[in-house]
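The values are calculated or read from the model by the stated rules, or taken from the named source; none is laboratory data. Being a predicted model, the structure only gives us computed values, none of them experimental. Glycine gets a Cβ as well: all are built from the backbone with ideal geometry, and neighbour counts include every protein chain shown. The protein model used for the area step is the full one, side chains on, heavy atoms only, and it has no ligands, DNA or RNA in it. Shrake-Rupley method; radii C 1.70, N 1.55, O 1.52, S 1.80 Å.
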Amino acid sequence: FFLKLFKMKLVKFLQKLTKEQVTIELKNGTVIQGTVVGVDATMNCHLRKAKVTLRGKTPKSFAILSVRGSTMRAWLLPESLNLDALLVDTDIEKYTKPEITPQQQSQQAMRARGRGRGRGRR
């Protein structure tokens, strides 16, 4: 029995943080606190009940706020968050190759190779 260790992508981890209260620091020094509604593949974060504090300014509240993924510097997670449970990757099936029968192997070998269809022969 050999156990393979798989690395979880950061985006997959952040997508598991839905309904969690987080603090996000942006590259320009702005701090955003809110409840995560969702995170998409480009790490854009959608927050509910967000409070935005610009550097040296008074905080402003928003019902719904979306933050571009490339502007984020850090995510501050709550202390009560169970990281061990969130870091377990449940999509192990996508890392393993499916078993191929000998019949499928022969079909793959017979498949045409090359670029496009043939141009005909003269």
**Prompt:** Looking only at segment 26-48, which residues are open to solvent by 60 Å² or more (accessible area, probe 1.4 Å) and closer than 18 Å to Leu81 by Cβ?
**Reply:** Gln33, Val37, Arg48
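Does Leu81 meet the test of being part of a loop (DSSP other than H, G, I, E, B), surrounded by 10 or more Cβ atoms within 10 Å (Cβ to Cβ) and at pLDDT 65 or above? Before the answer, list the steps.
Values: part of a loop (DSSP other than H, G, I, E, B): yes; surrounded by 10 or more Cβ atoms within 10 Å (Cβ to Cβ): yes; at pLDDT 65 or above: yes.
The answer is yes for Leu81.
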**Fill in**
Thr53 fails exactly one of (1) within 26 Å of Val88 (Cβ to Cβ); (2) surrounded by 11 or more Cβ atoms within 10 Å (Cβ to Cβ), namely (1)
**Request:** From (1) open to solvent by 70 Å² or more (accessible area, probe 1.4 Å); (2) within 32 Å of the chain's Cα centre (by Cα); (3) at pLDDT 65 or above, pick out the condition that doesn't hold for Gln108.
**Result:** (2)
**Request:** Output the qualifying pairs, or none if there are none: Cβ atoms under 6 angstrom, residues six or more apart or on different chains, first residue in segment 59-85 and under 24 Å from Thr42 (Cβ atoms), second residue outside any helix (DSSP H, G or I) and charged (D, E, K, R).
**Result:** Ile64/Arg48; Thr71/Lys27; Arg73/Glu25; Arg73/Lys27; Ala74/Glu25
**Request:** Considering only segment 16-48, state which residues are under 17 Å from Leu76 (Cβ atoms) and of a type in the set (Gly, Ala, Ser).
**Result:** Gly29, Gly34
**Item:** Complete set of residues in segment 49-71 that are modelled with pLDDT under 95 and either on the phi > 0 side of the Ramachandran plot or assigned to a strand (DSSP E or B) (or both)
**Value:** Gly56
**Asked** Which condition number does Asn44 fail, the rest of (1) more than 10 Å from the chain's Cα centre (by Cα); (2) closer than 27 Å to Lys57 by Cα; (3) of a type in the set (S, T, N, Q) being met?
**Response** (1)
